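Novice: Let me begin by handing over the structure; questions about it come next.
The values are calculated or read from the model by the stated rules, or taken from the named source; none is laboratory data. In this text the structure is predicted, and so the values were computed from the model without any measurement. Here the Cβ is made from the backbone with ideal geometry for all residues, glycine too, and neighbour counts use every protein chain on show.
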Amino acid sequence: MPSFDIVSEVNQVEVRNAVDQTNKEVSTRFDFKGSDSRVEIADKTLTLYADDDFKLKQVTDILTAKLAKRQVDVRSLKYADPEKISGNKVKQAVTVRTGVEQELAKKIVRILKDAKLKVQGSIQGDAVRVSGAKKDELQAAIAQVRKLITDFPLQFQNFRD
């Protein structure tokens, strides 16, 4: 039976490279001279540090540009609220979301059922497996999911006949 998986993955190597490039640019830019602005990475969480909110916004813009240049979808980033540390200094946590979250997986399965296509969606961990009798139905399911889910990056992998 033909099937495919709907997943959401981020290339961690490219994220690390983008963070390194961001730190390098921040250290060499004139407007950041003498400031303690940087980006640190730990597992799937990035922490942005800056002297004030304006510089935090600039660091965020630089990071977003570097990620986009390296083909990392910036929709997979989830920004927390900036928090003050000491004096004017601020930090912001950014989570790199991977895997299809439970509520999004349920929404995808509901989309497939509501589309009246002859496919079945099943949630398997952090992926959604879609199977159907015909390849054309699966391609229609991919088109339907792409059309309705625009706020989260999804990849369609493991297409089997």
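Novice: Pick from the stretch 1-23 the residues that are more than 12 Å from the chain's Cα centre (by Cα) and of a type in the set (V, I, T): which of them is surrounded by the fewest Cβ atoms within 10 Å (Cβ to Cβ)?
Specialist: Ranking the qualifying residues of the stretch 1-23, first place goes to V13.
Novice: Every residue in the stretch 24-43 that is surrounded by 13 or more Cβ atoms within 10 Å (Cβ to Cβ) and out of contact with any helix residue (DSSP H, G or I) (no Cβ under 7 Å at 6 or more places or on another chain), please.
Specialist: R29
Novice: Okay, next question. Which one of these does R70 not meet: (1) in the same structural domain as V19 (by TED's automatic domain parsing); (2) over 17 Å from the mean Cα position of the chain (by Cα); (3) among the charged types (D, E, K, R)?
Specialist: Of (1) in the same structural domain as V19 (by TED's automatic domain parsing); (2) over 17 Å from the mean Cα position of the chain (by Cα); (3) among the charged types (D, E, K, R), only one is false for R70: (2).
Novice: Does the stretch 121-141 hold any residues that are among the hydrophobic types (A, V, I, L, M, F, W, C), within 13 Å of V7 (Cβ to Cβ) and in contact (Cβ under 8 Å) with a residue 24 or more places away in the chain, and which are they?
Specialist: A127, V128, V130
Novice: For the stretch 94-134, how many residues are among the aliphatic types (A, V, I, L, M) and farther than 20 Å from P153 by Cβ?
Specialist: 4
Novice: Can you tell me how many residues in the stretch 44-61 are loosely packed, with under 14 Cβ neighbours inside 10 Å and under 16 Å from G87 (Cα atoms)?
Specialist: 2
Novice: Also, quick follow-up: Looking at the stretch 1-35 only, could you name the residues that are farther than 25 Å from V128 by Cβ, at pLDDT 90 or above and acidic (D, E)?
Specialist: Once the filter is applied, which keeps residues that are farther than 25 Å from V128 by Cβ, at pLDDT 90 or above and acidic (D, E), the stretch 1-35 yields D20, E25.
Novice: Next question, about the same structure. Restricting attention to strands (runs of 3 or more DSSP E) lying wholly within the stretch 1-120, give those where 3 or more residues are in contact (Cβ under 8 Å) with a residue 60 or more places away in the chain and within 30 Å of D161 (Cα to Cα).
Specialist: In the stretch 1-120, 3-7 are the strands (runs of 3 or more DSSP E) which contain 3 or more residues that are in contact (Cβ under 8 Å) with a residue 60 or more places away in the chain and within 30 Å of D161 (Cα to Cα).
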